[in-house]
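The values are calculated or read from the model by the stated rules, or taken from the named source; none is laboratory data. Worth saying up front: this structure is predicted, and the values here are computed from it rather than measured. Positions of Cβ are backbone-derived with ideal geometry, glycine not excepted, and every protein chain shown enters the neighbour counts. SASA here: full protein model, heavy atoms, side chains in, ligands and nucleic acids out. Shrake-Rupley method; radii C 1.70, N 1.55, O 1.52, S 1.80 Å.
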Amino acid sequence: MFKTAIEARKALDNKEISAKELLDSYYENIDKVESDIQALNAITKDIAYDTAKKVDEKIANGEKVPALAGIPLIIKDNICVKDTLTTASSKMLENFVSPYNATIVNKLNDNLIPILAKANLDEFAMGSSTENSAFKVTRNPLNLNKVPGGSSGGSAASVAGKEALLSLGSDTGGSIRLPASFCGIVGMKPTYGRVSRYGLIAFASSLDQIGPFANCVEDTALLLEAISGYDPNDSTSINTPVPEYAKNLNPDVKGLKIGVIKELLGEGVQEEVKENVEKAIQKYKDLGAEIIEVSLPNVKYAIAVYYILATAEASSNLARYDGVRYTYRTNDADNLIEMFTKSRSEGFGDEVKRRIMLGTYALSSGYYDAYYKKAQQVRALIKQDYDKAFEKVDVLLSPTCPTTAFDINSKVSDPISMYLTDIATITANLAGVPALSLPYGVDKENMPVGVQLITNVLEEQKLLNIAYALEQAK
């Protein structure tokens, strides 16, 4: 097994291993560990081996292949892959076979990256622990009694559990960065619009963004480069060139200004998390960066704002699942209204129903101005906080999560406590800025701590460079 995609690619280029043999080794490991981790919803061997065959043929012919060609990858099961089950881990979509590829799947195919499997998630990406799936509870490979984080828990656990070298998730309020933090890997949410959302099953359309998981910053940079770019099928896609992120990685942070977010390193942060984040801050100082305390005064409203806006958009997006077309339909209905009601009641899980009801209430007549409109206004203030901060500093730093991974079943019956898990990650989605979680240290149970780094819109290169500096200086 290889530590990084870079290492695996060198072995492929030197013909020490073929793409097929590389796939074989990861499928063998899936057979060994999957029954414990429960990270995957479906295996896509035909697709993966077809891609691997193309890679081997090109290498044998001496052709140049893309940087990640032949590197095994797992994709979150809310991203459409043609002729494959795409369930969003919901009973509502348990038999849905996608008739088309998401744009990023076409990009993976263009880059000859084999897709091994579809990863489990919190149903419709709604959750922070991957306990809300209709099919299974994913476990943290570093401690099977702990959650892997959510909603992209299957994607993160698959990389941490060596089922693949890379994976893709989606991030609406921290759903890539939180699992990356809990599983001790790198996870990144790009700028909103940097990566196409066409073919991603929508949760909250103004917040959702697809991004990479990997074992190191360089692998993350390569995968981000492969999936980024303008897409006319996505009206929110940004039409701007994609830099060569990996080639331009630079660990020099001398003179850079790093802003430590005051509100996210105070009360409620686990002591070992605080200690390791402070060690990371000291390391940046040693590397020549200037550390400045920064205040984002509206962070305290972030959870409230997010759970109005995200649930309102979820209520709207999930209205299409009505039992009429391609979704689950009840067998027990005497009329149309009963069919709608029972299909949705039986097809959606508790957390999804909770969020639909919250969102429908926030959008309802008489409450729209009091809740939804007010939340949009506060979202604008949060964005202004970021704009002001980035006038003073190059990057913002905080813990990815106030705690390390918690025990399975410890927060399921307490939604508010679960929602507060995302306090440090949510604001980057509300502001649309890129953010990355980097593993840095462990707690007394040997569970990883994540440091979150945030830069301004479309400053992914700077973000990757600053993360790379800390990673290389360990």
TODO: Would you check if there is a residue in the range 416-437 being open to solvent by less than 10 Å² (accessible area, probe 1.4 Å), more than 23 Å from Ala380 (Cβ to Cβ) and at pLDDT 95 or above?
DONE: yes
Task: Filter result (closer than 14 Å to Leu93 by Cα, open to solvent by less than 30 Å² (accessible area, probe 1.4 Å), touching a Phe, Trp or Tyr at 6+ places or on another chain (Cβ under 6 Å) and touching a residue at least 40 places away in the same chain (Cβ under 8 Å)) within the range 313-342 - done: Thr327
Task: Single match in Ser228, Ser235 (criterion: among the hydroxyl-bearing types (Ser, Thr, Tyr) and touching a Lys or Arg at 6+ places or on another chain (Cβ under 7 Å)) - done: Ser228
Open item on the list: Looking at Lys53, Lys32, Lys10 in this structure, which one is free of Cβ contacts under 8 Å to residues at least 40 places away in the same chain and surrounded by 15 or more Cβ atoms within 10 Å (Cβ to Cβ)?
Closed with: Lys53
- [ ] Please report, ordered by residue number, the helices (runs of 4 or more DSSP H) entirely within the range 133-245 with at least 2 residues that are among the hydrophobic types (A, V, I, L, M, F, W, C) and farther than 14 Å from Glu460 by Cα.
- [x] 153-160, 177-183
Open item on the list: Suppose we filter the range 257-296 for residues that are open to solvent by 60 Å² or more (accessible area, probe 1.4 Å), part of a helix (DSSP H, G or I) and closer than 30 Å to Ala370 by Cα; how many remain?
Closed with: 2
- [ ] Would you mind telling me which numbered condition in (1) among the hydrophobic types (A, V, I, L, M, F, W, C); (2) in contact with a strand residue (DSSP E or B) (Cβ under 8 Å, 6 or more places away or on another chain); (3) open to solvent by 40 Å² or more (accessible area, probe 1.4 Å) Ala405 fails?
- [x] (3)
Task: Among the candidates Asn215, Asn233, residue that is closer than 26 Å to Val97 by Cβ and surrounded by fewer than 24 Cβ atoms within 10 Å (Cβ to Cβ) - done: Asn233
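In the range 214-270, what residues are at positive phi and charged (D, E, K, R)? Spell out how you get there, then give the answer.
Our first condition is that a residue be at positive phi; within the range 214-270, this holds for 229, 255, 268.
None - no residue of the range 214-270 is at positive phi and charged (D, E, K, R), so the list stays empty.
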Task: Cβ-Cβ under 9 Å pairs, at least 6 apart or on other chains, the range 429-449 side without any contact (Cβ under 8 Å) to a residue 60 or more places away in the chain and under 13 Å from Asp208 (Cα atoms), far side outside any loop (DSSP other than H, G, I, E, B) and open to solvent by less than 10 Å² (accessible area, probe 1.4 Å) - done: Ala431/Ile382; Ala431/Tyr386; Ala431/Ile454
Open item on the list: So if I check each of Asn140, Asn145, which one is at pLDDT 95 or above and either open to solvent by less than 20 Å² (accessible area, probe 1.4 Å) or touching a Ser or Thr at 6+ places or on another chain (Cβ under 6 Å) (or both)?
Closed with: Asn140
Task: Selection within the range 81-116 - part of a loop (DSSP other than H, G, I, E, B), closer than 16 Å to Ile210 by Cα and open to solvent by 30 Å² or more (accessible area, probe 1.4 Å) - done: Asn101
TODO: Consider only pairs whose beta carbons are under 6 Å apart and that are at least six residues apart or on different chains; among these, list those whose first residue lies in the range 372-389 and is open to solvent by 50 Å² or more (accessible area, probe 1.4 Å) and whose second residue is not aliphatic (A, V, I, L, M).
DONE: Leu381/Asn298
- [ ] Return yes when Phe135 is open to solvent by 10 Å² or more (accessible area, probe 1.4 Å) and among the aromatic types (Phe, Trp, Tyr) and no when it is not.
- [x] yes
